[in-house]
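Here's the structure we're looking at; comments come further down.
The values are calculated or read from the model by the stated rules, or taken from the named source; none is laboratory data. Treat the numbers as computed from the prediction; the structure is a model and nothing was measured. Note that each Cβ is placed from the backbone with ideal geometry, even for glycine, and that neighbours are counted across all protein chains shown.
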Amino acid sequence: MLGSIMLPFQVLMVPQFLIFKELGWLNTFLPLVAPKFLATEAFFVFLMVQFIRGLPKELFEAARMDGAGHFRSYFQITLPLIVPSLATTAIFTFIWTWGDFFGPLIYVRLPELFPASLALKGFLDAQSSSDYGSMFAMSVVSLLPLFLVFLFGQRFLIKGAATSGIK
């Protein structure tokens, strides 16, 4: 797990590109979105495992004595308790994905599919004058989703920090 955390994206870039090319996912949003739902970020897998390990074993023993199986224990005990950790994972994944420049640059070639990070680059022109007014306006507009996600998700971040013992 720690080894995969230490690998930079540039090491995985060529194999991932070949896989996405074989799947026919180039010039779509799938290479940008699908890996995030398949737990390819080792940091978040590590975060979830550590959070679940911190849950009291007595809860699961009591559920077992009451006749609950693995699925019922998961859906009625584990899942409600890991909501702050899941929300933290979702918020950070959104923030990291929203600001990603290199991934969309590799997988998306059609300008109408460019995310905000690549579209902002379109306002800069190295050979002539750049439209700085439009670029700053789009920068502010592209920050609004990040602000809203953080604004509505901060209670989960605070709850996750409080339940994990971080002061």
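Would you say residue 26 is surrounded by 11 or more Cβ atoms within 10 Å (Cβ to Cβ), outside any loop (DSSP other than H, G, I, E, B) and among the aliphatic types (A, V, I, L, M)?
On the way: surrounded by 11 or more Cβ atoms within 10 Å (Cβ to Cβ): yes; outside any loop (DSSP other than H, G, I, E, B): no; among the aliphatic types (A, V, I, L, M): yes.
For residue 26, the condition - surrounded by 11 or more Cβ atoms within 10 Å (Cβ to Cβ), outside any loop (DSSP other than H, G, I, E, B) and among the aliphatic types (A, V, I, L, M) - is not met.
In region 62-78, is there at least one residue being surrounded by 11 or more Cβ atoms within 10 Å (Cβ to Cβ) and in contact with an Asp or Glu (Cβ under 7 Å, 6 or more places away or on another chain)? It would help to see each step written out before you state the result.
Residues of region 62-78 surrounded by 11 or more Cβ atoms within 10 Å (Cβ to Cβ): 62-64, 68, 70, 72-78.
Those left that are additionally in contact with an Asp or Glu (Cβ under 7 Å, 6 or more places away or on another chain): none.
No: zero hits.
Assess whether residue 139 counts as being exposed (fewer than 15 other Cβ atoms within 10 Å of the Cβ), touching a residue at least 12 places away in the same chain (Cβ under 8 Å) and closer than 30 Å to residue 13 by Cβ.
Details: exposed (fewer than 15 other Cβ atoms within 10 Å of the Cβ): yes; touching a residue at least 12 places away in the same chain (Cβ under 8 Å): yes; closer than 30 Å to residue 13 by Cβ: yes.
Criteria met by residue 139.
Does region 122-132 contain any residue that is surrounded by 12 or more Cβ atoms within 10 Å (Cβ to Cβ) and under 19 Å from the mean Cα position of the chain (by Cα)?
No, the conditions are met nowhere in region 122-132.
Would you be able to say whether some residue in region 32-51 is over 29 Å from residue 2 (Cβ atoms) and not charged (D, E, K, R)? I'd like the intermediate steps shown before the answer.
Going through region 32-51, the residues over 29 Å from residue 2 (Cβ atoms) turn out to be none.
No, region 32-51 contains no residue that is over 29 Å from residue 2 (Cβ atoms) and not charged (D, E, K, R).
Need a quick list: helices (runs of 4 or more DSSP H) entirely within region 46-135 having at least 3 residues that are of a type outside the set (A, V, I, L, M) and touching a residue at least 24 places away in the same chain (Cβ under 8 Å).
In region 46-135, 83-98, 102-107 are the helices (runs of 4 or more DSSP H) which contain 3 or more residues that are of a type outside the set (A, V, I, L, M) and touching a residue at least 24 places away in the same chain (Cβ under 8 Å).
Read through the list (1) surrounded by 14 or more Cβ atoms within 10 Å (Cβ to Cβ); (2) at pLDDT 90 or above, then give the number of the only condition that residue 93 fails.
(2)
Of all residues being part of a helix (DSSP H, G or I) and not hydrophobic (A, V, I, L, M, F, W, C) in region 143-167, which is modelled with the lowest pLDDT? Just the residue, please. Show your work before the answer.
Here is the first cut: in region 143-167, the ones part of a helix (DSSP H, G or I) are 143-163.
Cutting the leftovers down to not hydrophobic (A, V, I, L, M, F, W, C) gives us 145, 153-155, 159-160, 163.
Details: 145: 92, 153: 86, 154: 85, 155: 84, 159: 74, 160: 65, 163: 62.
Among them, the one singled out is 163.
Suppose we filter region 3-23 for residues that are over 15 Å from residue 40 (Cβ atoms) and surrounded by 11 or more Cβ atoms within 10 Å (Cβ to Cβ); how many remain?
Residues in region 3-23 being over 15 Å from residue 40 (Cβ atoms) and surrounded by 11 or more Cβ atoms within 10 Å (Cβ to Cβ): 1 in total.
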